[in-house]
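J.: Below: one structure in structure tokens.
The values are calculated or read from the model by the stated rules, or taken from the named source; none is laboratory data. The shown structure was predicted, so the numbers you read here are calculated from the model rather than taken from an experiment. A quick note on method: Cβ atoms are made from the backbone with ideal geometry, for glycine too, and the neighbour counts reach across all protein chains shown.
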């Protein structure tokens, strides 16, 4: 199921679920203007097609004691396929790294990090990130305040 196969109802379903993935199927059906059984079939079809990847609770990290959000731009020593794959695999082992992207430009990876405080983040950067055998450069950006937070896709 590609983008071209999505109709108006599918788009409405995706918008509603991205805004509130916890609503019941009955509520979702009501919001998109169809009855519950076809709504459930459509949701399942979107899930099976991989368009809906899962459902998650959005947590308030500061209320859980994670006050620091930072981004790290990482440059590798060599950009061979093996090194890129090895570094990408390493990011999955680092709980502090919440999201990671392979990017083009001055850096090879962009890491979204969440830590309890500056000390924990610094320890990670010095003891783990820069110590990784593939890493050449690390540039960090500490965030001040999040000013926008939306679902990841405009539908």
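J.: When only residues in segment 13-41 that are within 20 Å of residue 151 (Cα to Cα) and in contact (Cβ under 8 Å) with a residue 24 or more places away in the chain count, which is surrounded by the most Cβ atoms within 10 Å (Cβ to Cβ)?
T.: Out of the qualifying residues, it is 13.
J.: Right, here's the next one. Has segment 42-61 got at least one residue that is surrounded by 11 or more Cβ atoms within 10 Å (Cβ to Cβ) and in contact with a strand residue (DSSP E or B) (Cβ under 9 Å, 6 or more places away or on another chain)? Step through it out loud before you land on a result.
T.: First pass over segment 42-61, keeping only residues surrounded by 11 or more Cβ atoms within 10 Å (Cβ to Cβ): 42-47, 49, 51-52, 61.
Among the residues that remain, those that are also in contact with a strand residue (DSSP E or B) (Cβ under 9 Å, 6 or more places away or on another chain) are: 61.
Yes - at least one qualifying residue is present in segment 42-61.
J.: On to the next question. Consider residue 146 carefully, then state whether it is surrounded by 12 or more Cβ atoms within 10 Å (Cβ to Cβ) and more than 22 Å from residue 82 (Cα to Cα).
T.: Values: surrounded by 12 or more Cβ atoms within 10 Å (Cβ to Cβ): no; more than 22 Å from residue 82 (Cα to Cα): yes.
Criteria not met by residue 146.
Yes/no per residue for (1) over 15 Å from residue 61 (Cβ atoms); (2) in the same structural domain as residue 70 (by TED's automatic domain parsing); (3) assigned to a strand (DSSP E or B); (4) touching a residue at least 60 places away in the same chain (Cβ under 8 Å):
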| site | (1), (2), (3), (4) |
| --- | --- |
| 84 | yes, yes, no, no |
| 87 | yes, yes, no, no |
| 94 | yes, yes, no, no |
| 112 | no, yes, yes, no |
| 123 | yes, yes, no, no |
| 128 | yes, yes, no, no |
| 137 | yes, yes, yes, yes |
| 155 | yes, no, no, yes |
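J.: So, one more: Which one is nearest to the chain's Cα centre (by Cα) among residues in segment 49-81 that are closer than 19 Å to residue 105 by Cα and without any contact (Cβ under 8 Å) to a residue 12 or more places away in the chain?
T.: Per the stated criteria, the residue is 81.
J.: Same structure again: Return yes or no: is residue 96 farther than 29 Å from residue 155 by Cβ and out of contact with any helix residue (DSSP H, G or I) (no Cβ under 9 Å at 6 or more places or on another chain)? Step through it out loud before you land on a result.
T.: Numbers: farther than 29 Å from residue 155 by Cβ: yes; out of contact with any helix residue (DSSP H, G or I) (no Cβ under 9 Å at 6 or more places or on another chain): no.
No, not satisfied.
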